[in-house]
């Protein structure tokens, strides 16, 4: 069995309900690919349509835009183990 290391890639992300929503998130919401619940500065959760189906993101989760423009949620502990500020 071989071991592999993930290639370094730069992604964009924000913390749902904590950080301001970036344009790419707002654009996906306007296109109905994301549904948000709660008020602008106090979002409680969102539903994101992905190729794998609908994924839920909750307040405090990171919402990531990947290298191909895909958007998905990530729990804070996994985000902290996987990413660092560029």
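The values are calculated or read from the model by the stated rules, or taken from the named source; none is laboratory data. Remember, it's a predicted structure, so these values are computed and weren't measured experimentally. Heads up, the Cβs are rebuilt from the backbone with ideal geometry, glycines too, and the neighbour counts pull from every protein chain shown.
Worth pointing out:
A quick yes/no check of all residues on (1) touching a strand residue (DSSP E or B) at 6+ places or on another chain (Cβ under 7 Å); (2) farther than 20 Å from residue 81 by Cβ; (3) touching a residue at least 12 places away in the same chain (Cβ under 8 Å):
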| site | (1), (2), (3) |
| --- | --- |
| 3 | no, no, no |
| 34 | yes, yes, yes |
| 43 | yes, yes, yes |
| 47 | yes, yes, yes |
| 54 | yes, yes, no |
| 61 | yes, no, yes |
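- Tally of residues being under 14 Å from residue 69 (Cβ atoms), at pLDDT 95 or above and within 13 Å of the chain's Cα centre (by Cα) across the stretch 28-54: 5
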